[in-house]
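These notes concern the structure reproduced below.
Any read-out appearing in this document is the output of simple, stated calculations on the displayed coordinates, not a laboratory observation. Only a predicted model underlies this, so the values are computations on that prediction, with no experimental measurement involved. Positions of Cβ are generated from backbone atoms using ideal geometry, with glycine treated the same way; all protein chains shown enter the neighbour counts.
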Amino acid sequence: MEPNIKNHPVVSEEEWLKARIELLKAEKELTRHSDKVARRRQELPWVKVDKAYSFDTDNGKASLADLFCGRSQLLIYHFMFGPEYEAGCPSCSSIADDFNGFAVHLANHDVMLTAVSRAPLAKLHVYKQRMGWHFPWASSLESDFNYDFKVSFTAEQQRSGAVAYNYRTGNVTSRANEIEAFQEAPEAGKRIAATVGTDWATYTREAPGMSAFVLRDGVVYHTYSTYERGLDGLWGMYQWLDRAPLGRNETGNTMWFRRHDEYGDKEKGGRCCS
């Protein structure tokens with residue numbers, strides 16, 4: 001049921017408290033279940049990474065092991081920014097807005113966070129400067145890294161439908177969930193693709209995700225990857241909206257948010273309060 005601010009029930013403080021305590025039971029149950037799921041993530045078996053990947057970084061050429069920067073754990077955000085893009089994906093950009101704040105805390109807890117995209121490093125530098133970000137961001141343009149971790153697809157894969165994403169295989173030319181989302185409004189996909197300077201097919205040859213790795217005795221192991229709704233918990237904006245009176249309040253097939261430098265003055269960071 002979608003929230004309705006006009007016809008929402010209004011009750012006494014006592015009635016509200018009773019309802020809130022009932023909800024608290026569900027929240028505690030969800031928290032306990034989330035803890036169990038987190039433990040199951042950590043108990044997953046590891047897969048040795050045998051392939052030698054090469055990345056372009058601010059410090060020159062780097063291997064996957066180099067991206068750990070002296071830590072034992074590495075978290076990679078697969079940022080949608082293909083070689084043909086002129087700007088980063090708006091959704092990925094919204095997620096990455098939080099990285100500046102917590103990357104330093106992760107780094108001091110033996111965990112390195114970096115973004116990886118197929119766009120050339122020079123393009124990443126320009127966009128990173130525009131966004132005001134300073135977290136590490138590497139280019140995997142000259143390696144198979146994105147393809148092997150199922151976040152980039154070739155045009156031939158799109159045409160044939162031989163695409164594996166989010167642990168399913170099939171004709172996901174525009175990725176299954178997005179095809180469904182834009183069936184009634186095909187122009188919406190074109191508008192989103194236009195925000196990165198491409199067409200819809202080119203835009204959807206990249207996909208979002210995150211992968212985790214561990215470095216033990218000089219050997220890198222893949223421990224975890226997640227995609228699509230699996231990224232919701234990493235999207236700080238949504239965690240706040242889920243606690244707002246109207247929730248995410250998303251209607252229709254258009255993307256309601258923008259890059260943080262594309263809002264008007266009244267939309268930027270509660271300017272009316274400053």
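Brief remarks on what is shown
- The calculated FRET efficiency for R39 paired with V219, based on their beta-carbon distance and R0 = 25 Å, is about 0.55.
- Structure-based [θ]222 nm, the chain - -39500 (n - 2.57) summed over DSSP H runs of at least 4, per residue, nearest 500: -10000 deg cm²/dmol
- Links that overshoot a 32 Å alpha carbon limit, given the list K28/K48; K123/K150; K61/K150; K123/K190; K36/K150: K28/K48
- The residues S211, S93, when put in order of fewest to most other Cβ atoms within 10 Å, stand as S211, S93.
- D148-D98 pseudo-label distance in nm [points 7 Å out on the Cα-to-Cβ vector]: 2.9 nm
- By other beta-carbon atoms within 10 Å, ranking I76, I5, I95 with the fewest at the front produces I5, I95, I76.
- Among L23, L231, L64, residue whose mean-square fluctuation peaks in a GNM of the chain (springs only between Cα atoms under 10 Å): L23
- Ranking S94, T226, A212 by how far each Cα lies toward the positive end of the dipole of the chain (charges on Cβ) leaves A212 at the top.
- Here the dipole of the chain is about 320 debye; that uses its Cα centre as origin and unit charges on the Cβ of Lys and Arg (positive) and Asp and Glu (negative).
- In Hz, Karplus ³J(HN,Hα) per residue of segment 226-231 (6.51, -1.76, 1.60; θ = phi - 60°; x = Gly, Pro): 8, 9, 6, 5, x, 8
- When the chain is treated as a GNM with alpha-carbon contacts under 10 Å, the residue of E250, E156, E27 showing the greatest mean-square fluctuation is E27.
- Count Lys and Arg as plus one, Asp and Glu as minus one, and take only other residues whose Cβ is under 14 Å from that of Q239; the net charge is then -2.
- For the residues A96, A115, A38, a GNM of the chain with alpha-carbon springs under 10 Å puts the largest fluctuation on A38.
- Chain lengthening between K28 and L246 when straightened (0.36 nm per residue, less Cα-Cα): 76.3 nm
- Ranked L141, L246, criterion: other C-beta atoms within 10 Å, fewest first: L246, L141
- FRET efficiency for the H134 to V111 pair, using the beta carbon distance and R₀ = 22 Å, is estimated at 0.80.
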